[in-house]
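**Student:** Got a structure here, written out as structure tokens. Questions coming.
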Amino acid sequence: MSLWLAVAATGCAVEPPSQPDGWDSAVALQSARDLDARPGVVEVDLTARVGDVEIVPGKKTPTWTYNGGLPGPLIRASVGDRVIVHFRNELSEPTTVHWHGVRLPAEMDGAPGHSQPETPPGGGFTYDFVVPDAGLYWYHPHVNSAVQEGNGLYGPLLVEDPDEPAELGDELVLVLSDISLRDDGSLEDPDAGGNLGTLFGREGDLLLVNGRVNPVIGARAGLRQRWRIVNAAKSRYYQLLITDHRFTRIGGDGGFLEHPVEEDRILLTPGERADVVVTPRGAPGSTLSVRWVPYDRGYGATFARPEVEAFRLRLADEPVVHDEPLPEVARTIEALDTTAARHVDLQLTREEDSDDVVMGINGVPSWKAEPLMAAVGETAVWTVENTMAFDHPFHLHGFFFQVLGADGQPVRPLAWKDTVNVPVDGSARFAVRYDNRPGMWMFHCHILDHAEAGMMGMLHVVR
């Protein structure tokens with residue numbers, strides 16, 4: 001029994017231990033204002049515009065924003081809510097909003113020319129959909145996406161489940177990204193690096209956590225925190241490490257895992273999410289460094305690249321507490337039956353004889369590709385083979401899938417995913433069932449420079 005529970009058992013009034021005052025103020029996200037007071041409906045305004053943001057202290061950066069902030073506002077909803085987003089484009093070029101990971105109707109997916117027309121400068125579009133699944137999702141553009149997202153257009157969407165276990169830990173939503181700035185604070189040229197930049201995927205020079213550089217988060221030694229993390233960077237793989245600490249991963253792209261797993265580091269490819277519990281350990285008053293550690297995604301990804309402190313945990317001066325055990329976190333997930341599944345075989349490729357970097361799928365860039373055909377109710381097994389010298393995070397719009405191992409069986413613990421890494425000289429396999437949402441759905445590498453270079457295709461699901 002913990003000390004505070006033992007004291008409470010004596011009949012004395014006592015408050016449970018808490019995080020330090022203002023513990024999360026350095027990474028506090030703006031929240032979208034709900035315009036509709038009815039239960040079960042979340043209605044918000046969302047405007048894409050250039051806004052001055054202080055990323056480097058003392059300098060204002062004209063950044064591409066949603067509602068003037070970096071990242072965009074946190075939209076909160078509960079499972080089954082209807083979400084209505086009145087979107088307005090005040091940028092100088094067309095854009096859309098893609099709701100990454102949400103199982104919504106195709107016409108709300110934000111794929112220009114397929115699910116909706118581009119929203120022109122001065123124009124608007126109303127997104128209207130129901131959120132059926134708990135988890136952390138996010139939104140970003142799908143027009144000129146490497147530039148628009150890289151310049152700041154992204155934000156989180158958290159769908160909560162009121163029936164989930166209590167006391168998982170004090171919660172933080174952490175949006176990880178990066179950005180490149182010139183000495184005067186202005187945005188770096190989005191085409192910097194030329195063909196080599198496109199080939200590798202452009203990474204920003206500054207690591208951002210909720211739009212801040214190396215923020216300090218308060219913590220109390222021994223008291224759990226729950227981090228809901230999304231990697232919103234357009235190319236950077238985020239691998240996070242705290243010396244002498246382990247993480248308990250309880251969820252991912254599509255909500256809770258079948259059961260928690262212990263990990264010594266968190267790895268997120270662009271587009272992926274993680275729901276992790278961490279218990280800070282250390283002397284009161286000390287500081288823990290949460291470090292970005294280079295991940296070898298090939299093509300010299302770790303060459304002469306030092307670790308970088310992404311953010312810090314400042315432990316309060318209060319005594320160490322002994323938190324209660326983590327409540328049981330379990331989810332029943334049925335493995336998809338693949339005995340009669342259709343097989344889809346894809347190769348991630350590059351044109352070798354082009355002066356520009358042209359990528360594709362099965363040797364065809366996106367602007368020349370014919371859509372894959374599928375039927376509502378069908379189950380498919382996709383095998384995505386990597387023919388290139390660096391990893392690719394592969395994202396399927398609109399549907400969750402289950403990652404399969406080399407033996408064709410689902411990887412344990414079972415989980416619902418929408419983004420999976422395809423390693424160098426390797427492949428990724430997954431099973432997906434197309435539920436009753438016909439339409440045109442994108443799939444692509446989530447290194448957005450690669451998607452823009454042609455590593456993208458369409459899936460046409462019909463009744």
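What follows draws every value from the coordinates through simple rules; no lab data is involved. Predicted model only: the values in this text are computed from it and were never measured. No Cβ is skipped: glycine too gets one built from the backbone with ideal geometry, and neighbour counts run over all protein chains shown.
**Student:** Tell me, what is the percent relative contact order of the chain, built from C-alpha pairs under 8 Å that lie six or more residues apart?
**Tutor:** In percent, rounded to a whole number, it is 14.
**Student:** Could you tell me which GluC sites (Glu not before Pro) in the range 148-220 are loop residues by DSSP with no more than 13 other beta carbons within 10 angstrom of their beta carbon?
**Tutor:** Within the range 148-220, the qualifying GluC sites (Glu not before Pro) (loop, at most 13 other Cβ atoms within 10 Å) are GLU167.
**Student:** Rounding to the nearest 20 debye, state how big the charge dipole of the chain is about its Cα centre with +1 on each Lys and Arg Cβ and -1 on each Asp and Glu Cβ.
**Tutor:** Dipole about the Cα centre, nearest 20: 300 debye.
**Student:** Give the residue list of chymotrypsin sites (Phe, Trp or Tyr not before Pro) in the range 261-340 that are DSSP loop and have at most 13 other beta-carbon atoms within 10 angstrom.
**Tutor:** PHE303
**Student:** Which order, highest average first, do 30-41, 98-109, 54-65 follow once you tally other Cβ atoms within 10 Å for each residue and take the mean per peptide?
**Tutor:** 98-109, 54-65, 30-41
**Student:** Counting helices only, and only those DSSP H runs with n ≥ 4, report the 222 nm mean residue ellipticity of the chain as the sum of -39,500 (n - 2.57) divided by its residues, in deg cm²/dmol to the nearest 500.
**Tutor:** -1500 deg cm²/dmol
**Student:** Quick check: convex hull over the Cα atoms of the chain, volume per residue in Å³, rounded to an integer?
**Tutor:** Given the Cα convex hull of the chain, per-residue volume reads 158 Å³.
**Student:** Sort out for me the Cα centre separation of the range 264-312 from the range 377-399, rounded to whole Å.
**Tutor:** 26 Å
**Student:** Over the range 170-315, what is the relative contact order in percent, taking alpha-carbon pairs closer than 8 angstrom and at least six residues apart?
**Tutor:** That works out to 27 percent.
**Student:** Using a 7 Å offset from the Cα along the Cα-to-Cβ direction at both ASP205 and ASP191, what is the distance between the two label points in nm, to one decimal?
**Tutor:** Reported label-point gap for ASP205 and ASP191 is 2.0 nm.
**Student:** With an 8 Å cut-off on Cα pairs and a minimum separation of 6 or more residues, tell me the relative contact order of the range 342-462 in percent.
**Tutor:** 34 percent.
**Student:** Whole angstrom only: what separates the Cα centroid of the range 70-92 from the Cα centroid of the range 16-61?
**Tutor:** Cα centres, the range 70-92 to the range 16-61: 12 Å.
**Student:** Suppose every K and R has +1 on its Cβ and every D and E has -1 on its Cβ; what is the size of the dipole of the range 193-256 about the Cα centre, in Debye to the nearest 20?
**Tutor:** Using Cβ point charges on Lys, Arg, Asp and Glu, the range 193-256 gives about 300 debye.
**Student:** Identify, among ILE333, VAL85, PHE400, the residue whose Cα sits farthest towards the positive end of the charge dipole of the chain, taking +1 on the Cβ of Lys and Arg and -1 on the Cβ of Asp and Glu, with the dipole about the Cα centre.
**Tutor:** After comparing all options, I get ILE333.
**Student:** Rounded, prolate or oblate: pick one for the range 61-124, where a ≥ b ≥ c are the square roots of the eigenvalues of its C-alpha gyration tensor, a/c under 1.5 means rounded, and failing that, prolate if a/b is larger than b/c, else oblate.
**Tutor:** oblate
**Student:** Treat the count of other C-beta atoms within 10 Å as a stand-in for reagent exposure and order VAL277, VAL261 from fewest to most.
**Tutor:** Ranking VAL277, VAL261 by Cβ neighbours within 10 Å, fewest first, gives VAL261, VAL277.
**Student:** Could you size up the charge dipole of the range 170-315 around its Cα centre, putting +1 on the beta carbon of Lys and Arg and -1 on that of Asp and Glu, and report it in debye to the nearest 20?
**Tutor:** For this selection, approximately 500 debye.
**Student:** Let me ask something else. If each residue of separation counts as 0.36 nm, what is the full-extension length gain between GLU107 and ALA406 once their alpha-carbon separation is subtracted?
**Tutor:** Contour length minus Cα-Cα distance gives 104.1 nm.
**Student:** Answer rounded, prolate or oblate for the range 19-160, using the Cα gyration tensor with square roots of eigenvalues a ≥ b ≥ c: rounded when a/c is under 1.5, else prolate when a/b is larger than b/c, else oblate.
**Tutor:** Oblate.
**Student:** In nm, what is the difference between 0.36 nm times the number of residues separating ALA341 and ARG281 and their Cα-Cα distance?
**Tutor:** 16.8 nm
**Student:** What is the local net charge at ASN89, summed over the other residues whose Cβ is closer than 11 Å to its Cβ (Lys, Arg +1; Asp, Glu -1)?
**Tutor:** Around ASN89, the surrounding residues sum to -1.
**Student:** If a/c stays under 1.5 just call it rounded; otherwise compare a/b with b/c (prolate if a/b is bigger, oblate if not). Do that for the range 256-393, with a ≥ b ≥ c from the square roots of the Cα gyration tensor eigenvalues.
**Tutor:** Cα axes put the range 256-393 in the oblate bin.
**Student:** Here is a further query. Taking the alpha-carbon distance from LYS417 and a cut-off under 30 Å, which lysines remain once sequence neighbours fewer than 8 residues away in the same chain are dropped?
**Tutor:** Answer for LYS417, where 30 Å is the Cα cut-off: LYS234, LYS368, listed by chain and number.
**Student:** Can you find, among ALA451, ILE229, PHE390, the residue sitting farthest towards the positive end of the charge dipole of the chain, where Lys and Arg contribute +1 and Asp and Glu -1 at Cβ?
**Tutor:** ILE229
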